[in-house]
Each structure stands twice: as structure tokens, then as C-alpha cells.
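Notes follow the structure.
No lab work stands behind these numbers, since they all come straight from the coordinates. Just so it is clear, the model here is predicted, and its values are computed rather than measured. Backbone-built Cβ (ideal geometry, glycine too); neighbour counts: all protein chains shown.
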Amino acid sequence: MPITLEIVTPDATVYSEEVDHVVVPTANGKIDILPHHVPVIDKLIAGDLKVEKNGTVEYLAVSSGFVEVYSEKVSILTDEALKINEQDDSKIEEAVKRAQEALSEGKKSNLDLAAIQKLEAATRFALAQQIAKGKSK
Amino acid sequence: MANTRDIRLRIKGVKSTRQITRAMQMVATSKMKKAQDAAKSGRPYAMLLADIIVSVADEFEEITHKYFNDRPVRHRGILVIGTDKGLCGALNSNLFRMLADVDSSAKFVSVGKRATQYLSRTHRDLLADFSLPDKPRYSDIKAIIEFLLRAYGDDQIDTIEVLHTGFINTLRQEPELVRLFPLNDLDEMSQKLHERFGVNDHDVPKDKREILIENRDEVLAELGTLYLKQQIHQMVMESQASEHSARMVAMKTATDNAGNLINDLTLQYNRARQAAITQEILEISAATLSN
């Protein structure tokens, strides 16, 4: 019996499909979600999200947010999410580099805390893309 | 009676005005479609977020966080979302009419040039003004949220309210004043959200979910911030959809009116021309008769 995975961001519903198995990165470590999972709410951290569907494995990069599992449905609430197979390597590497540079520069020039946190979140998301890409090979 | 040359000039003038209003109508139409779609695409996120906030907050016996607790209101904080440009019918004046009975202790933050102008003209206490690009991304409104939260945290303002134009359909937009913070009645918040988006599963209670979140105070604050951000984003999108719809309707009316005016003027022109010809013939025949 499949479960529904739904990933929503402020701009759109990025992903909504029936899948067999999901691994979600959370603040308490990765949680493995199979059908008949107990209802849960947890905090999502930036990382790679693994989706298994009809024997094929797909990776997505997600930013931080929240995850809810309820009645055979996994809902993910996050700022950003990307299907990693659609991205190419060089672009991701570039994004990581840009994010890290912006972060180190921001720290040097004493930006306020909120701005630095924003840069850190961007960096984490870029890194998450890289990790997910590495795994999907 | 005006002479034919004057009438011809006026027809020309009205025609070029019509051309402009027609072009503006086209532009508004295409922008309106995009803005309407964008306003709708944020809805699933809003529903899921509200659901998570309610479930997490349910776990608490008592919430002591500032975002969720009522406090005596000395200064209301109102964010007014107006437009940058005019020529959109009565959109802005309808919006500002809602402010007439807000007393003078309230403090304001404005988005859009028209709102800023109105607030300074009526000598309101304007804390800050922002401007947004045409298709605002989520990150564009971040500065506004941070400003509001800081003012709220420092007790400069005791509520966060938003005055915006709610989008109902292309022909109807209504100004709404919505209070977002403090979030003291979560049930009501969730119900309102369901009503607005026309989803009716509010009454179906969900079973308890296990909440694996540690450090709940911090998470509640984060959820509150996300809620504010999402709501304001949604309202900005709706205001833009309303603006473009109102402009399209206003420009369509203007184009139609210009068409009517041209018809009337053409009739007048032909009449004047005919009168002149008749006059000439009369003069000629009178002259031949007298000879």
C-alpha cells in the first residue's frame, strides 16, 4: 500500500505523488517512513530526502521546515525543495560556492543576526543539494 | 455650433486616448491572470502551516509566548497594502475609507506609494514605508516582516494588523482589515483560513499526533513567524491580483466610454458638415433667384 508524499513551499506544491518509502531528514536524525507509520510532527532540517517508488530511488533536496505524517500521508512544509535529478552538477557546485562566500563575507562585515541566519540557511540548502546529488549517482 | 475642424481635432484626441487605455487594459489583463494564479498557489502551504500550529499549540497547557498572548493594546500596528500606481478605479479610496475610524494612537507601516501618500497627508504615525516589485517573491517581503516583528517585540506596537484588498473575483475586490498577532485564538484562526479558501474539513477532528519536537517554545516562535510571513505574503499577492483586476475593469470602462464619445462626436461632426453644405446651397440658390 503506497503512501502519499506532498511537499509544499510558499510558492507552490512542488511534489505530490504516491510513493512506497520516504526517508526524511529531521532534527532528531533521519526518519524512515513506511506505510502505517505512527502520526508524527517533527522539525525538518535542510538535507537530502530519499523517495522510493516502484523500485526506483529519487533524491530531493529540501530546506528547513516541518514534517507531518498523518493517515498514510507525509506532508512536508519547507521554504524550498528541488528535484535533484533535474539539476546539473556544475550549477550546484556554483551555488554552494556562492552561498559559502556570501556567508563568510557576511560574517566579516558584521551583518545582523537575522541576515547571517538567512545566509546560513541558504548555504545549508546548497550543501543539501550537493549531498543529494552525490547519493543519486 | 462648433465648427467641423474643432470637432475633427477632438475626435483625433479621444481616439489616441482610447488607444492608450486599451493598451493598459491588455497589460492589466495579462498581469491579472498571473497574479490570480500566484495568489492561489500559496494556499496549500497556508493550510498545512495552520494545521501544524494548531497541533503543536494543543500540546501546551498554557502558552506564555508573546506572539500568542493577549496584552493591553496601547498602539495598534497596522500594515497598509496599497498600490504604487493609480488608474485602478476606487481601489485605493475604498481601502483608505477603512482607516477613517481608526483612532490616532495607531501606528502604521505602508506598502505602495499611494498608501504612504495617504498616511502622511492625514498625519498618521507612519513608522516605515516599503515598496515591493511587481511580482514579489517570498524573500522580498522578509524586510517588512522583520520590521513588524521587531516593533512588536519592543512593545512599540501591541497588535499586528493588515489592511489589504481581498480578492473575491475579477469584478469584486473588498478591503479587509485582518488581525494577525497576537494569535490568541488558534481555533478561530484555523476556521477563518478554511472559510477563506473554501475548504470544509475543519470540523473533522484529527487524532493526536506524536510530536517529536524538542525546545517547543523556540519552535512555537518559529511557527508564529512563519505564519505571519505566509499570511502577509498571501495578502500582498491578493492585493496585487485585486489591483490588476480593478485596473483592467477601469481601463475597459474608459475604453468603452471613449468609443461612445467618438460615436457622439462623429454624429455631431457629420451634422455640422451637412449643415454647412445646406447653408451654402441655400446661399447659392438665393443668389441666383435674386438675379
Q: Taking only Cα atoms and a 10 Å spring cutoff, compute GNM fluctuations for chain B and point out the largest among B:I213, B:I160, B:I144.
A: B:I213
Q | About the Cα centre, charge dipole magnitude for segment A:87-136 (Lys/Arg +1, Asp/Glu -1 at Cβ), debye | A | 120 debye
Q: Report Rg(Cα)/(2.2 N^0.38 Å) for segment B:84-197, keeping two decimals.
A: 1.12
Q | Unit charges on C-beta of K, R, D, E only; dipole of chain B, Debye | A | 2380 debye
**Q.** For B:A128, residues with placed amide H under 5 Å, excluding near neighbours
**A.** B:S110
Q.
Placing +1 on the Cβ of each Lys and Arg and -1 on the Cβ of each Asp and Glu in the protein assembly as shown, which of B:A143, B:Y269, A:G29 has its Cα farthest towards the positive end of the resulting dipole?
A. B:Y269
Q.
Straight-line reach from B:K113: which lysines fall under 17 Å, measuring Cα to Cα and dropping same-chain residues less than 8 apart?
A. B:K85, B:K135
Q | segment B:110-161: Rg to Rh, with Rh as the Kirkwood radius over Cα pairs | A | 0.99
**Q.** chain B: relative contact order as a whole-number percent, Cα under 8 Å and 6+ apart
**A.** 33 percent
(Q) What does the structure give for B:44-52 when I average, per residue, the other chain Cβ atoms found within 10 Å of the residue Cβ? (A) 6
Q) If you bin every alpha carbon distance in chain B into 10 Å steps from zero, what whole percent lands in each bin? A) 6, 22, 25, 17, 10, 7, 5, 4, 2, 1, 0, 0
Q) Under a 5 Å amide H to amide H cut-off, with H placed in plane at 1.01 Å, what residues pair with B:I157 once short-range neighbours are removed? A) B:Y152
Q) Which value, in debye to the nearest 20, describes the size of the charge dipole of the protein assembly as shown about its Cα centre when Lys and Arg Cβ atoms bear +1, Asp and Glu Cβ atoms bear -1, and nothing else is charged? A) 2740 debye
Q. How long is segment A:87-136 along each principal axis, judged by its Cα atoms, biggest number first, in Å?
A. 37, 15, 12
Q.
For chain B, set up a GNM with springs between Cα atoms under 10 Å and report which of B:N92, B:N260, B:N270 has the largest fluctuation.
A. B:N270
Q: Find, to one decimal place in angstroms, the Kirkwood hydrodynamic radius of the protein assembly as shown, where the mean of 1/r is taken over every pair of different Cα atoms and then inverted.
A: 25.3 Å
Q.
Running a GNM on chain A with Cα contacts under 10 Å, which residue among A:E68, A:E120, A:E17 ends up with the highest mean-square fluctuation?
A. A:E17
Q | Most positive-pole-ward Cα, B:G82, B:G166, B:N291, against dipole of chain B from beta carbon charges | A | B:N291
Q. What does the average come to when, for each residue of peptide A:6-13, you count the partner chain Cβ atoms lying within 10 Å of its Cβ?
A. 6
Q: Specify the angular offset, from 0 to 90 degrees and rounded to the nearest 10, of the alpha carbon long axis of helix B:216-290 from the longest principal axis of the alpha carbons in chain B.
A: 10 degrees
Q | Phi to ³J(HN,Hα) by Karplus 6.51 cos²θ - 1.76 cosθ + 1.60 over segment B:145-153, Hz, x for Gly, Pro | A | 4, 4, 4, 4, 5, 5, 4, 5, x
Q | Karplus-derived HN-Hα couplings along segment A:6-17 (A = 6.51, B = -1.76, C = 1.60, θ = phi - 60°), whole Hz, x at Gly and Pro | A | 10, 10, 10, 10, x, 8, 5, 8, 7, 9, 8, 8
(Q) If I take R0 = 30 Å and measure r between the Cβ atoms of B:T122 and A:T13 in this structure, what FRET efficiency does the formula 1/(1 + (r/R0)^6) give, to the nearest 0.05? (A) 0.10
Q. What order do you get for A:124-130, B:38-44 when each peptide is scored by the mean count of other beta carbon atoms within 10 Å, highest first?
A. A:124-130, B:38-44
Q. When you look at the Cβ of every residue in B:10-18, what mean number of other chain Cβ atoms sits within 10 Å?
A. 0
**Q.** Amide N of segment B:76-96 lying under 17 Å from the label point, which is placed 7 angstrom from the Cα of B:V27 along Cα→Cβ
**A.** B:83-89
Q: May I ask you to work out the translational diffusion coefficient for segment B:210-291 at 4 °C, viscosity 1.567 mPa s, via Stokes-Einstein with Rh from the Kirkwood sum over Cα pairs, reported in whole µm²/s?
A: 66 µm²/s
Q.
Can you compute the helix-only [θ] at 222 nm over the protein assembly as shown? Use -39500 (n - 2.57) per DSSP H run of at least 4 residues, normalise by all residues, nearest 500 deg cm²/dmol.
A. -17500 deg cm²/dmol
Q) What Rg and what Dmax come out for chain A when only alpha-carbon atoms are used, in angstroms? A) 15.6, 53
(Q) Can you return the aspartates and glutamates within cross-link range of A:K73? Criterion is Cα-Cα under 17 Å, with same-chain partners fewer than 8 residues away left out. (A) A:E6, A:E17, A:E18, A:D20, A:D32, A:D42, A:E52, B:D51, B:D201, B:D207, B:E210
